[in-house]
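Asker: Got a structure here, written out as C-alpha cells. Questions coming.
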C-alpha cells in the first residue's frame, strides 16, 4: 500500500497529472474542431512536464511543507523525468511545422519571465508572477493559447468565431480552476505576490469565479449544441463546487489531483458523447 501511495504521489506531484490535463484539453480542442492529431498533444504534454518542473526547481525557495519534502526526497527521479521529457520534447519540436514553432515562442517567453527574475533599479528583482493579480491571468492565457490557438495553426484551420469562442471559454475555465490553488496558497504566498484572494478576499474571489462560469456557459449559445452544453454545464457545476469548498486548509490532493483532473474528465465525456 505504501508503494502504491508513493507511485500515486509521484504521478501527481511530479506534474505528470497536470500535464495529462493539458494534453486532454488539447485533444478536446481537436475533437471540437473535427480534427485528429497526436503530435501536438504529445508535444504539449512534454512541454508542460518540463516547464512546470523547471519552474519548481528554479523557485525552490518558494516551496513549503509537503511539496518541499517531496522534492527533496525525489530530486533524482524528478531530474531524470524532466531530462527524459526534455529530450522527447526536443525530438517532437523538430517534427512541428515552422509556423507552429513560431506561435509557441510567446508562450515560452511567458514561462521564462514568469519565473526568471529580472533586475530592477539595480537593487531588487521581479518576475511576471510578482506583478499584482497577474499570475492567474498569465496561466489562463498560456493554457488557453497552447491548448486552443495552436490547434488551428498546426492543422491549417481558419481562426473563425468557433475558435475564438473556444479560446475565451478555455481562458475562463482555467481562471476558475486556478482560483482554488490561490486560495490554498493564501497563507504561504509572499506578500509581494498579490493574488486575487489576497487582494479581494476569498468570498469575492468565489463570486468572480461564478461570473466567469456564467460567461463560460453563455458562450455556448454562440454556436448552440445541446450535448456540448450539457457537458459544459456539468463541468461548470463541478468547477463551482470545488471553488466553493476550497479553503486555505484543503487536503493536498484537493487541488493537485481532483481539480487538475477536471480537464481529463471533460475530455473523456466529450470523447464518449461527441465522437
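The values are calculated or read from the model by the stated rules, or taken from the named source; none is laboratory data. Not measured: the values here are computed from a predicted model. A quick note on method: Cβ atoms are made from the backbone with ideal geometry, for glycine too, and the neighbour counts reach across all protein chains shown.
Here is a yes/no grid of residues against (1) crowded, with 19+ Cβ neighbours inside 10 Å; (2) at pLDDT below 95; (3) within 17 Å of the chain's Cα centre (by Cα):
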residue	(1), (2), (3)
129	yes, yes, yes
134	no, yes, yes
164	no, no, no
186	no, yes, no
190	no, yes, no
199	no, yes, no
222	no, yes, no
234	no, no, no
237	no, no, no
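Asker: Would region 202-217 turn up any residue that is surrounded by fewer than 16 Cβ atoms within 10 Å (Cβ to Cβ), within 28 Å of residue 19 (Cβ to Cβ) and at pLDDT 95 or above?
Answerer: yes
Asker: What number of residues within region 63-77 are surrounded by fewer than 15 Cβ atoms within 10 Å (Cβ to Cβ) and part of a helix (DSSP H, G or I)? Before you say what the answer is, go through the steps one by one.
Answerer: In the first step, residues of region 63-77 are kept if they are surrounded by fewer than 15 Cβ atoms within 10 Å (Cβ to Cβ); the result is 64-66, 68-69, 72-73, 75-77.
The next check asks that each one be part of a helix (DSSP H, G or I); those that pass are 65-66, 68-69, 72-73, 75-77.
The qualifying residues number 9.
Asker: Looking at this structure, is residue 251 within 19 Å of residue 12 (Cα to Cα) and more than 16 Å from the chain's Cα centre (by Cα)?
Answerer: Values: within 19 Å of residue 12 (Cα to Cα): yes; more than 16 Å from the chain's Cα centre (by Cα): yes.
When the stated conditions are applied, residue 251 passes them.
Asker: On to the next question. Among the listed residues 50, 44, 58, identify the single one that is more than 26 Å from residue 149 (Cα to Cα) and in contact with a helix residue (DSSP H, G or I) (Cβ under 6 Å, 6 or more places away or on another chain).
Answerer: Details: 50 fails: more than 26 Å from residue 149 (Cα to Cα); 44 fails: more than 26 Å from residue 149 (Cα to Cα).
Checking each option against the conditions leaves just 58.
Asker: Go through region 78-107 and count every residue that is under 18 Å from residue 45 (Cβ atoms) and either touching a helix residue (DSSP H, G or I) at 6+ places or on another chain (Cβ under 8 Å) or buried (at least 16 other Cβ atoms within 10 Å of the Cβ) (or both).
Answerer: Residues of region 78-107 under 18 Å from residue 45 (Cβ atoms): 78, 80-96, 100-101, 103-104, 107.
If we keep only those that are either touching a helix residue (DSSP H, G or I) at 6+ places or on another chain (Cβ under 8 Å) or buried (at least 16 other Cβ atoms within 10 Å of the Cβ) (or both) too, we end up with 78, 81-82, 85-86, 88-89, 92-93, 95-96, 100-101, 103-104, 107.
Counting residues in region 78-107 that are under 18 Å from residue 45 (Cβ atoms) and either touching a helix residue (DSSP H, G or I) at 6+ places or on another chain (Cβ under 8 Å) or buried (at least 16 other Cβ atoms within 10 Å of the Cβ) (or both) gives 16.
Asker: Could you please find all residues in region 1-38 being without any contact (Cβ under 8 Å) to a residue 60 or more places away in the chain and closer than 18 Å to residue 107 by Cβ?
Answerer: 15, 19, 23
Asker: Can you say whether residue 60 is over 30 Å from residue 275 (Cβ atoms) and surrounded by 14 or more Cβ atoms within 10 Å (Cβ to Cβ), as far as the supplied structure shows?
Answerer: On the way: over 30 Å from residue 275 (Cβ atoms): yes; surrounded by 14 or more Cβ atoms within 10 Å (Cβ to Cβ): no.
The answer is no for residue 60.
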